[in-house]
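Beneath this line is the structure, given in structure tokens, with notes to follow.
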Amino acid sequence: MGKVYLIGAGPGDPGLITELGKQRIMQADCIVYDRLIPMELLYLRKPECELIYVGKRNHHHTMKQEEINQLLIQKGKECSCTVRLKGGDPFVFGRGGEEAIALRQEGIPVEVVPGITSAVAALAYAGIPITHRGVSGGFHVVTAHDKRDSLADLDFTSMAKGRETLVFLMGLSKVDEIEDGLLK
């Protein structure tokens, strides 16, 4: 039995992955990867490393989450080093928590290598501080949709009254509903 590494690849720029994340990619016997990773990171792998794509787009999933969990369990038992490479950070709306629980229930060692989440990086790249003294003393990061692809059950009243920066992830298709909820 080996170890599974849940690695955050960062927000899309291959230079923003951590050094530890790069090291684990280079050691991997198998990499199970998502659609939102910088593809250049896959070139760091050993030539014999198996690549398995499990990317998801809205309404187009290569595998269901339970199937991904089972694949990670299988590879964790077969390979000495399995990497689950995910865009952003594995624990920020990345289902990394579900994957870690499934692996641990099977007795497979798991290590999380955090990544930079787009919730902070996108603003930073645009030159916008997510917090700023006297303007925003905190921030909220929320998903805009639920499992049924409906608008998430959000407390817009509290959000609109707060002074914190609001970051909505996966919300492009819900922009009008988010705007309406905040304005009301």
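Just a few scattered comments:
- From the coordinates shown, Rg/Rh (Cα atoms, Kirkwood Rh) corresponds to which of (i) 1.02; (ii) 0.95; (iii) 0.98: (i)
- Table column - 3J(HN,Hα) (Hz), the stretch 148-155, Karplus curve with 6.51, -1.76, 1.60, x for Gly and Pro: 8, 6, 8, 4, 4, 6, 10, 8
- Relative contact order for the stretch 40-172: 16 percent, from Cα pairs under 8 Å spaced at least 6 residues apart, divided by residue count.
- The stretch 22-58 and the stretch 107-184 have their alpha-carbon centroids 27 Å apart.
- A Cβ-based charge dipole, computed about the Cα centre of the chain with Lys and Arg at +1 and Asp and Glu at -1, lands at about 220 debye.
- Cα gyration tensor shape of the stretch 120-184, rounded if a/c is under 1.5, else prolate or oblate by comparing a/b with b/c: oblate
- The trypsin sites (Lys or Arg not before Pro) of the stretch 1-102 that DSSP puts in a loop, and whose beta carbon has at most 14 other beta carbons within 10 Å, are 35, 64.
- Of the GluC sites (Glu not before Pro) in the stretch 1-53, the ones in a loop by DSSP (not H, G, I, E or B) with at most 14 other beta carbons within 10 Å are 48.
- Mean ellipticity per residue at 222 nm, deg cm²/dmol - from DSSP H runs of n ≥ 4 across the chain, formula -39500 (n - 2.57): -8500 deg cm²/dmol
- Shape of the stretch 4-73, Cα gyration tensor, a/c cut at 1.5: oblate
- Most to least accessible of 43, 125, 33 (protein chains only, probe 1.4 Å): 43, 125, 33
- Between 41, 12, 120, the Cα set farthest toward the positive side of the dipole of the chain (charges on each charged residue's Cβ, about the Cα centre) is that of 41.
- Lys pairs under 13 Å by Cα in the stretch 26-184, provided they are eight or more residues apart or on distinct chains: 4
- Charge dipole (Cα centre; +1 on Lys/Arg Cβ, -1 on Asp/Glu Cβ; no other charges) of the stretch 29-130 amounts to roughly 220 debye.
The values are calculated or read from the model by the stated rules, or taken from the named source; none is laboratory data. Given the structure is predicted, the values throughout are model-derived calculations rather than measurements. Neighbour counts are summed over all protein chains in view; Cβ atoms, including those assigned to glycine, are modelled from backbone coordinates with ideal geometry. Note: areas computed on protein heavy atoms with side chains; ligands, DNA, RNA excluded. Shrake-Rupley method; radii C 1.70, N 1.55, O 1.52, S 1.80 Å.
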